[in-house]
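The values are calculated or read from the model by the stated rules, or taken from the named source; none is laboratory data. It should be emphasised that the depicted structure is a prediction, and the values quoted were computed from it without experimental measurement. Ideal geometry is used to build each Cβ from the backbone, glycine not excepted, and the neighbour counts take in all protein chains shown.
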Amino acid sequence: MGGRKRPKQPALDPVEAYARAVVGNEIVTGRLVRLACERHLRDLVDGPARGLRWDRATAQRAIDFFPAVLRHSKGQFANQPFEPLDWQAFVLGSIFGWKLWVESFQSEIRRFRTAFVSTARKNGKSTLEAGIGLKALIDENEPGAEIYSAATTKDQARIVFSEAERMRARSPALRRRITKTTNNLAVLSTASWFRPLSADTSRMDGLNVFVALVDELHEHPNAEVIEKLDTGMGARVQPLMYETTTAGVSRTSVCYLHWDFSTKVLEGVIPLVTGDRWFAYIATIDEGDDWQDELAWRKANPSLGSKPDSLLKIDALRAEVALAQSMPSRQNSIRRLRLNQWTQQLVRWIPMDVWARGSDPIEAEALKGRRCIAALDLARVNDLSSLALLFPPAEDGERWKVLWRHWCPGDDIEERSKRDRAPYAVWRDQGHLIATEGNTTDFKFVEAEILRLATIYDIQELAFDRTFAGEIVRNLQDEGMTLVEFGQGFLSMGPASAEFIRKLLAGELQHGGDPVADWCASNVTVRKDPAGNEKPDKERSIERIDPIVALIMAVGRSLAEPPGIYGDGRGLLILGG
């Protein structure tokens with residue numbers, strides 16, 4: 001048939017093209033890279049409602065800056081244009097292409113304030129980092145821009161900075177714009193500079209950071225450097241903290257905390273109001289992968305085979321893995337550095353995709369007068385306290401339903417939010433968290449709320465951990481409630497934990513998608529006894545897990561015999577440890 005020809009649809013930009021290729025299984029990646037790509041595609045649709053805008057032209061400009069201006073300085077690619085690989089283009093375009101409308105400024109800024117990028121070694125992280133520093137120096141229109149390559153030692157900080165120096169030396173355009181002096185690359189016309197910075201935090205006061213390039217975050221012994229740099233960004237409208245790393249060892253390190261936070265951002269555990277400012281790209285093998293499987297290697301090494309002239313040669317990786325196979329002492333090193341796997345990582349107990357199946361909203365009004373079991377996990381002085389109300393099914397096919405209450409001290413809530421990397425203030429403002437006055441949780445508020453709830457729901461009993469209960473137990477008992485002391489040892493928590501995870505896997509729990517409980521569910525790790533029984537381990541878990549402990553206690557009591565649940569007696573019951 002005749003007629004007009006349809007206009008040719010524009011090709012996908014490199015960022016969307018990579019995301020669609022990953023989601024379409026055209027590129028082998030791990031779960032976390034897939035989540036990053038799904039996030040990008042989802043935000044293209046849902047982001048505008050949150051003030052996000054995908055600026056394709058700006059993303060393309062950032063990607064094009066590299067081959068147009070930068071040259072490789074080492075090996076077989078020396079003096080060749082820096083053509084970003086597909087994964088590098090995804091990172092670059094995402095960081096520079098996403099915009100956020102800020103009402104107080106009445107303008108757009110870069111969406112991402114922090115970028116966490118982790119791959120195995122030899123994938124070109126430091127080279128990409130150096131290029132980002134140079135782009136920030138000359139292509140971001142930032143007067144007085146201060147760009148720092150930061151690390152634990154001066155030598156480490158100079159790795160990225162020295163690469164930037166070599167790139168300048170090979171580029172006529174950069175040599176014309178950038179003046180080189182000792183440990184300094186400067187653009188005199190804008191009073192901007194790019195410098196290496198070691199972990200001498202006494203010299204970090206007074207920084208006015210535009211872009212901080214933090215190399216090998218796993219080598220930082222604590223968060224002091226990161227915090228100093230973050231504080232130094234306060235005067236900038238759109239600063240960037242760009243962190244790169246391979247996997248480390250210590251789960252208490254700032255690197256692991258940022259890895260864990262990044263994972264939660266990608267999984268959707270962190271509220272969007274916080275997560276929207278954090279970019280994460282983590283290339284690692286997945287749980288259960290065989291570290292000797294070449295297909296799994298590609299998950300941690302996105303530069304492997306991404307182009308015919310890949311930066312990373314598979315023969316070299318094969319040789320290193322073969323050596324580790326014959327020398328077991330080398331295995332942890334290979335798995336950490338070349339497969340980007342935490343060698344002492346604690347496996348999270350609750351699969352978050354399984355947990356999410358119970359997130360359907362719960363109509364609290366419909367539960368009025370219904371029989372339920374309550375459990376209370378009270379906090380130490382300044383931690384989270386949680387109450388779980390567990391409602392048994394009223395008819396066949398109904399799920400067990402959970403209602404929550406959470407409390408924390410109101411004083412210094414912003415500081416504790418920063419410490420725990422949890423948006424307590426946001427949850428408070430949204431009504432998911434009750435912040436009581438003072439620097440400790442006021443248990444009188446907890447007591448009053450439990451008594452109020454007891455007038456709405458038929459609370460058969462309240463399980464508690466005696467460690468921090470004290471007076472609240474006596475007061476509630478005086479009010480006629482049945483209280484059950486629930487031991488925290490394997491005898492009580494083992495069967496309760498097993499039943500909790502069984503209900504969860506079977507889809508029998510509807511927890512309602514409470515954001516505080518979601519966050520805590522992502523933090524839980526367990527301890528096992530010699531018989532294989534499991535229970536949550538507060539000491540080894542990352543961050544808070546109090547709501548989940550409360551829910552497990554309630555589930556444990558759901559297994560109990562009368563009189564605790566079905567009897568008429570009131571008072572205090574004691575269970576074993």
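Please work out which residue is surrounded by the most Cβ atoms within 10 Å (Cβ to Cβ), limiting yourself to region 513-539 and to residues that are closer than 20 Å to residue 361 by Cα and in contact with a strand residue (DSSP E or B) (Cβ under 6 Å, 6 or more places away or on another chain). My answer is 517. Scanning region 89-125 for residues that are in contact (Cβ under 8 Å) with a residue 24 or more places away in the chain, among the polar types (S, T, N, Q) and over 20 Å from residue 42 (Cα atoms) yields a count of 3. Look at region 228-244: where a residue is among the basic types (Lys, Arg) and a partner is surrounded by fewer than 21 Cβ atoms within 10 Å (Cβ to Cβ) and modelled with pLDDT under 95, sitting 6+ places away or on another chain with Cβ atoms under 7 Å, you get 228/201; 228/204. Residue 313: of a type in the set (Lys, Arg) and modelled with pLDDT of 90 or more, yes or no? When the stated conditions are applied, residue 313 does not pass them.
Please indicate, with yes or no, whether at least one residue in region 333-343 is over 19 Å from residue 34 (Cα atoms), more than 25 Å from the chain's Cα centre (by Cα) and modelled with pLDDT of 85 or more. Checked against the condition, which is being over 19 Å from residue 34 (Cα atoms), more than 25 Å from the chain's Cα centre (by Cα) and modelled with pLDDT of 85 or more, region 333-343 yields no hits at all. Scanning region 498-524 for residues that are assigned to a helix (DSSP H, G or I), out of contact with any Pro (no Cβ under 7 Å at 6 or more places or on another chain) and touching a residue at least 24 places away in the same chain (Cβ under 8 Å) yields a total of 10. Against the test of being modelled with pLDDT under 90 and either surrounded by 21 or more Cβ atoms within 10 Å (Cβ to Cβ) or within 24 Å of residue 513 (Cβ to Cβ) (or both), the options 273, 265 yield a single qualifying residue, 273.
Checking region 87-95 against the condition returns no match, with no residue being buried (at least 24 other Cβ atoms within 10 Å of the Cβ), assigned by TED's automatic domain parsing to the domain that holds residue 285, closer than 27 Å to residue 204 by Cα and modelled with pLDDT of 90 or more.
Among the residues of region 528-540, those that are free of Cβ contacts under 8 Å to residues at least 40 places away in the same chain and under 23 Å from the mean Cα position of the chain (by Cα) comprise 537, 538, 539.
Scanning region 348-398 for residues being closer than 28 Å to residue 472 by Cα, over 31 Å from the mean Cα position of the chain (by Cα) and assigned to a helix (DSSP H, G or I) gives a total of 2. You will find that of 425, 435, 463, 448, the residue that is under 18 Å from residue 554 (Cα atoms) and of a type in the set (A, V, I, L, M) is 463 and no other.
Name, by its number, the condition in (1) part of a helix (DSSP H, G or I); (2) at pLDDT below 85; (3) crowded, with 17+ Cβ neighbours inside 10 Å that does not hold for residue 325. Checking residue 325 against (1) part of a helix (DSSP H, G or I); (2) at pLDDT below 85; (3) crowded, with 17+ Cβ neighbours inside 10 Å, the one that fails is (3). Scanning region 408-429 for residues that are part of a helix (DSSP H, G or I), within 16 Å of residue 520 (Cβ to Cβ) and out of contact with any Pro (no Cβ under 7 Å at 6 or more places or on another chain) turns up 416, 419, 420, 424, 428.
If you take the residues of region 525-549 that are in a helix (DSSP H, G or I) and farther than 18 Å from residue 502 by Cβ, which of them is modelled with the lowest pLDDT? If we take residues in region 525-549 being in a helix (DSSP H, G or I) and farther than 18 Å from residue 502 by Cβ, then 546 is modelled with the lowest pLDDT.
Here is the figure for region 278-304: residues that are hydroxyl-bearing (Ser, Thr, Tyr) and assigned to a strand (DSSP E or B) total 1.
Here residue 147 fits the description: in a strand (DSSP E or B) and either of a type in the set (S, T, N, Q) or crowded, with 24+ Cβ neighbours inside 10 Å (or both). Kindly establish whether residue 38 is over 19 Å from the mean Cα position of the chain (by Cα) and in the same structural domain as residue 107 (by TED's automatic domain parsing). When the stated conditions are applied, residue 38 does not pass them. Annotation: residue 57 fulfils all but one of (1) out of contact with any strand residue (DSSP E or B) (no Cβ under 7 Å at 6 or more places or on another chain); (2) in contact (Cβ under 8 Å) with a residue 12 or more places away in the chain; (3) under 25 Å from residue 22 (Cβ atoms); the unmet one is (2).
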